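Undergrad: This is the structure I have questions about; it appears just below.
The values are calculated or read from the model by the stated rules, or taken from the named source; none is laboratory data. Just so it is clear, the structure is predicted and the values come from calculations on it, not from any experiment. Here the Cβ positions follow ideal geometry from the backbone for every residue, glycine too, while neighbour counts run over all protein chains shown. Just the protein is used for accessible areas: all its heavy atoms, side chains included, with ligands, DNA and RNA removed. Shrake-Rupley method; radii C 1.70, N 1.55, O 1.52, S 1.80 Å.
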Amino acid sequence: ADITPDTIIIPTSTTPIYDLDLDKDGVYDFTFESTLSRTQCRSTGGSGFTAYIEVKPADNSFNEILNVVYAASIDTFPAALDTVNQIGAASGEWSSASSQLLRYKYFCTGGISDPSIEYGDWPDNIDKYLGLKLVKGNQVFYGWVRLNVQVGIGYSLMLKDYAYNGSPNEFILAGQEE
């Protein structure tokens, strides 16, 4: 389904949250949030910022998000998929964690002794797909949402469209219409 107009969430807006109802049943299934906060720099004690965009399954649900595991660590992050990537039971690591970071950045506004730290699988200003697993009773459905993360002092997130396969336990391709 097309999100018209494209929805942009930015941390300075009054509503930096978007609730996605993947199957359009009136109950939201996933939440996206953009946050920007002031922080104290670790080494210099100066002023800095922490910015991140997160996605999480709806409270009290068994929904999950397709993740990628970085080989050098135990960390997992929501996977940024290309068009026609298969999204289904065998697609990889699924996570129901209550907070999953698409992008994270810590940076200091003064001094070189506090390096910026940035991580996440989502590139800057490129459309990618997020794999979603929707659990309804004993049935599992797979879907996607097309996102565009824009990097700056704070992060903004543009949600463009989404779809899911209405046949239980059947995969869907990223970008495939319902």
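Undergrad: Modelling each spin label as a point 7 Å along the Cα-to-Cβ direction, I'd like the ASP19/PHE171 distance in nm, to one decimal.
TA: 3.3 nm
Undergrad: Let me ask something additional. State, to one decimal in nm, how far the label point of LYS160 lies from the label point of ASP6, with both points 7 Å from Cα in the Cβ direction.
TA: 0.6 nm
Undergrad: When ligands, DNA and RNA are left out and all protein chains stay put, how many square angstrom of accessible area per residue does the chain have with a 1.4 Å probe?
TA: 50 Å²
Undergrad: At 0.36 nm per residue, minus the direct Cα-Cα distance, what do VAL27 and ASP127 gain on full extension? Give it in nm, one decimal, please. Write out the running numbers ahead of the final one.
TA: Numbers: separation 100, 0.36 × 100 = 36.00 nm, distance 2.60 nm.
Length gained between VAL27 and ASP127: 33.4 nm.
Undergrad: Taking R0 as 22 Å, what FRET efficiency do you get between VAL69 and SER96 from their Cβ-Cβ distance, rounded to the nearest 0.05?
TA: 0.90
Undergrad: At a threshold of 8 angstrom on Cα-Cα distance, excluding pairs fewer than six apart, so keeping six or more, what relative contact order does the chain reach in percent?
TA: Here the relative contact order equals 25 percent.
Undergrad: Given a 1.4 angstrom probe, I'd like the percentage of the accessible area of the chain that is carbon and sulfur, rounded to a whole number.
TA: On the way: 4360 of 8830 Å².
Of all accessible area on the chain, carbon and sulfur atoms account for 49 percent.
Undergrad: Which three semi-axes in whole Å describe the equivalent ellipsoid of the chain, each the square root of 5 times a Cα gyration tensor eigenvalue, listed largest first? Intermediate results must be reported in sequence, preceding the final value.
TA: Details: eigenvalues 187, 57, 40 Å².
Computed over the chain, the values are 31, 17, 14 Å.
Undergrad: Can you list the lysines whose alpha carbon is less than 22 Å from that of LYS105, not counting same-chain residues fewer than 8 positions off?
TA: Correct list for LYS105: LYS56, LYS128.
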